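What follows is a short report on a single structure.
The values are calculated or read from the model by the stated rules, or taken from the named source; none is laboratory data. Small disclaimer: the values here were computed from a predicted structure and weren't measured. Note: ideal-geometry Cβ built from the backbone for every residue, glycine included; neighbour counts use all protein chains shown.
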Amino acid sequence: MKTKILSIITLFLMTLSMSAQIDRTIQPKPGPAPKINIGKPETFELKNGLKVLVVENHILPRVSATLTINNNLIFEGDKAGVSGLTGSLLGTGTNKINKDSFDEEVDYLGANINFSSQSASMRSLSKYFPRVLELMADAALHPVFTQEEFDKESTKLIESLKIGEKSVSNIANRVENALAYGKNHPYGEFTSPKSVKNVNLNDVKNFYSTYFKPNNAYLVIVGDVNLKEVKKLVKKGFAKWQKGTLPTYTIPDVNNVAKTEIDFVDMPHAVQSNVAMVNSTNLKMSSPDYFAVKLANYILGGGGEARLFLNLREDKGYTYGAYSSISSDEKTSALFSASAQVRNMVTDSSAVEFVKEIKKIRDTKVTDEELKNAKAAYVGSFVRNVEKPATIARYALNIRRNNLPENFYETYLQNINAVTVADIQRVAQKYLSADHARIIVVGKALDVLPNLEKLPYKINYFDKEANKTSKPDLSKPIPAGVTKQTVLNNYFNAIGGVDKIKSIKSTLVTYEASAMGNTIQSTEKRTADKYANETSMGGNVMAKVIMTKDGVTMNKQPLPAAMAKDMISGLGTFLEMGLLQNENSKLTGIEPIDGKDTYVITTKGDVVSTSIYFDVKTSLKVRESQTVSMGGRTQNQAANFSDYKEFNGIMFAGVKTAKVGPQTVTFKLLNAKVNEGVTDVDFQ
């Protein structure tokens, strides 16, 4: 850590030194666009139709190979997930070698082999390339699909899908595609636990035998190889691969809505909303508009200097990032999408800003400066990548798969530089819709719907599987006699009794989790007026928070007074003890969590606001969520509580699940102590 910090300081000082020598007020003049000469791979084709592209590069003794089957789009219907299971089962044994022996040999050779339902890839040192390619070919062409492996992979997939059901971003992505394309389109269907349960081992075998054919397959080999030797190895491994007739499927037409609308999905537990503005397009790489469209998207939402980012993050502070993307597709309609994850309270405002920015790039010309910067970004990226052997192979494959002109990449920079400001506006009007788009919002209806209803758009309601549904119930009446006091007392009774809880002098709880290859341990100590939490990773203390009525410190540094004031309201041997006396804490309603009704007690602060959820039936706490808003930035976090266990006559949550970055981490209770293990020294 000290070395890392020293490196950062050194880099900072170097930057200051450089800044002192360069006049930053004078923008450097761009040099001429470099002339691009892209090498051509050697190619040959087997009698079964397999096309092979070879790029020799002898700088390093390494080789990579990628097998790509360029089938038409495949619709899986009520067996969605069969392709994923097929890919998972490839590489789990062949007619010649079982799974364990296969894996051991690949590891011994220091190689890497991966499979999907319609591809395979490998990387190895060049001296082991013949054997590793042989192993990949054997696993790809002679798989052994066993019931044991099928059951294992099916269970793993279902469990993964169940976890994803709680993710706002996962649901948003699913619904976005399903609504834009339709669920009868290969891009619109999705895998669910139900559809996976419809798949059996024979379905996997049939999928493989139907679609894993060489007719439309490409094998790209890059690295320290000899073409003559490659031909021998490829013929040995792939010549007996039998071609076959591939089934046809009529891809449904994809249409935009007649008038811009809001499509809403309720996620009652969401602490932020996912907002996306989406329309389908007909963009192909072979289109003369391709380069102008890519530059237009870059200006609108291609990165940290783009309009969406500067508006929604830098100016408004609604989100950590707002971006847009536009795909190209030779087989069906493509998709334009502008999206961000935003705070619940600004969901409607974010939708307004998306519409505003898309109308702006359609109705008014971008500046010369914006276009120049976008071109510079594309030119720089292209030049950096063009000399890589893997890039040469990828470009050659793109030309063949997408029916592009042979000189597509030689003229790439010429076409980029030829785009004008007028071109940007023209393609924005053609491909980015402001009047026929879907504004897809996935979020907490209770928080966001009232303001969304004020916007001039019809709102349609969908469930998490993109089925039409009715407007969610925004209010459940709190039963007569139920107050904040009764909810908290019921909770205290559920975990040990009101009188017993109020008589406790101190608590000490320790939780442990595994994340990113490390062990995380969190120890929390409480008294009536003091709090300490120490978090360590791999045995090293990463953060220590101490809170008393005098203030809050983190790693001995005081937190801002306004933040500390809000946090101190949670002092007590239990967090909930502080709620009893806090006038800012209110019983705000009943909300469902995982299908169960919960009472919600919310504490509104100037900086820190919290909501605590208590199961209506069990009275136990099931969730805490917290929002921290400061300096135009907002951070949301939440933790779920379950599996309560008794220690010293008091019930503590045995499991806490929380988001740590992009990963959901499960903390398990190691120990809990009541009236022991806590001293004044712990709060110094």
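Looking across segment 100-126, the residues that are hydroxyl-bearing (Ser, Thr, Tyr), under 20 Å from Val222 (Cβ atoms) and more than 26 Å from the chain's Cα centre (by Cα) come down to Ser124, Ser126. Let me spell it out: the conditions are (1) touching a residue at least 24 places away in the same chain (Cβ under 8 Å); (2) in the same structural domain as Ser350 (by TED's automatic domain parsing), and Glu406 meets all of them except one. Which number is the exception? Unmet condition: (1).
Which one of these is in the same structural domain as Phe614 (by TED's automatic domain parsing), surrounded by 14 or more Cβ atoms within 10 Å (Cβ to Cβ), under 34 Å from the mean Cα position of the chain (by Cα) and of a type in the set (Phe, Trp, Tyr): Tyr531, Tyr599?
Unique residue meeting the criteria: Tyr599.
Residue count for segment 552-576 under the criterion of being part of a loop (DSSP other than H, G, I, E, B), without any contact (Cβ under 8 Å) to a residue 60 or more places away in the chain, of a type outside the set (Gly, Ala, Ser) and farther than 21 Å from Asn675 by Cβ: the result is 3.
When Leu397 is tested against the conditions (1) among the aliphatic types (A, V, I, L, M); (2) at pLDDT 95 or above; (3) surrounded by fewer than 21 Cβ atoms within 10 Å (Cβ to Cβ), the lone failure is (2). Yes or no: Lys235 among the charged types (D, E, K, R) and at pLDDT 95 or above? It is true that Lys235 is among the charged types (D, E, K, R) and at pLDDT 95 or above.
When you check Tyr511 against the structure, is it in contact (Cβ under 8 Å) with a residue 24 or more places away in the chain, crowded, with 20+ Cβ neighbours inside 10 Å and outside any helix (DSSP H, G or I), yes or no?
Spelling it out, Tyr511 is indeed in contact (Cβ under 8 Å) with a residue 24 or more places away in the chain, crowded, with 20+ Cβ neighbours inside 10 Å and outside any helix (DSSP H, G or I).
A single entry from Asp203, Asp224 fulfils the requirement of being more than 30 Å from Ile358 (Cα to Cα) and touching a His at 6+ places or on another chain (Cβ under 6 Å): Asp224. Remark: Ala306 matches the filter, which requires a residue to be under 22 Å from the mean Cα position of the chain (by Cα), in the same structural domain as Thr420 (by TED's automatic domain parsing) and without any contact (Cβ under 8 Å) to a residue 40 or more places away in the chain.
Could you say whether any residue in segment 440-453 is under 21 Å from Ile361 (Cα atoms), assigned by TED's automatic domain parsing to the domain that holds Arg362 and either in contact (Cβ under 8 Å) with a residue 40 or more places away in the chain or more than 26 Å from the chain's Cα centre (by Cα) (or both)? The answer is yes; a qualifying residue exists. Screening Gly188 against (1) surrounded by 15 or more Cβ atoms within 10 Å (Cβ to Cβ); (2) at pLDDT below 95 leaves a single unmet condition, (2).
Among all residues of segment 625-632, there is none that is exposed (fewer than 13 other Cβ atoms within 10 Å of the Cβ), modelled with pLDDT of 90 or more and of a type outside the set (S, T, N, Q). For segment 432-457, residues that are outside any loop (DSSP other than H, G, I, E, B) and either among the hydrophobic types (A, V, I, L, M, F, W, C) or crowded, with 20+ Cβ neighbours inside 10 Å (or both) total 11.
Condition check for Pro472 on (1) within 30 Å of Asn675 (Cα to Cα); (2) in a loop (DSSP other than H, G, I, E, B): one failure, at (1). In segment 607-628, the qualifying residues are those that are hydrophobic (A, V, I, L, M, F, W, C), in a strand (DSSP E or B) and free of Cβ contacts under 8 Å to residues at least 40 places away in the same chain, and the one that is nearest to Asp566 (Cα to Cα) is Ile612.
Filter segment 200-223 down to the residues that are part of a loop (DSSP other than H, G, I, E, B) and modelled with pLDDT of 95 or more, then identify the one that is nearest to Ala140 (Cα to Cα). Per the criteria, the residue is Phe212. Screening the candidates Thr191, Thr210, Thr155 for the property of being touching a Pro at 6+ places or on another chain (Cβ under 8 Å) and not assigned by TED's automatic domain parsing to the domain that holds Ala270 yields one hit, Thr210. One residue stands out in segment 535-551 among those that are in contact (Cβ under 8 Å) with a residue 24 or more places away in the chain and within 12 Å of Gly570 (Cα to Cα): the one that is farthest from the chain's Cα centre (by Cα), namely Thr548. The residues in segment 67-104 that are touching a helix residue (DSSP H, G or I) at 6+ places or on another chain (Cβ under 9 Å), assigned to a helix (DSSP H, G or I) and small (Gly, Ala, Ser) can be counted, and the count is 4. Taking the numbered list (1) over 19 Å from the mean Cα position of the chain (by Cα); (2) over 26 Å from Ser625 (Cβ atoms); (3) buried (at least 19 other Cβ atoms within 10 Å of the Cβ) in turn, Phe354 passes all entries but (2).
Within segment 464-485, not a single residue is of a type in the set (A, V, I, L, M), surrounded by 14 or more Cβ atoms within 10 Å (Cβ to Cβ) and in contact with a Ser or Thr (Cβ under 8 Å, 6 or more places away or on another chain).
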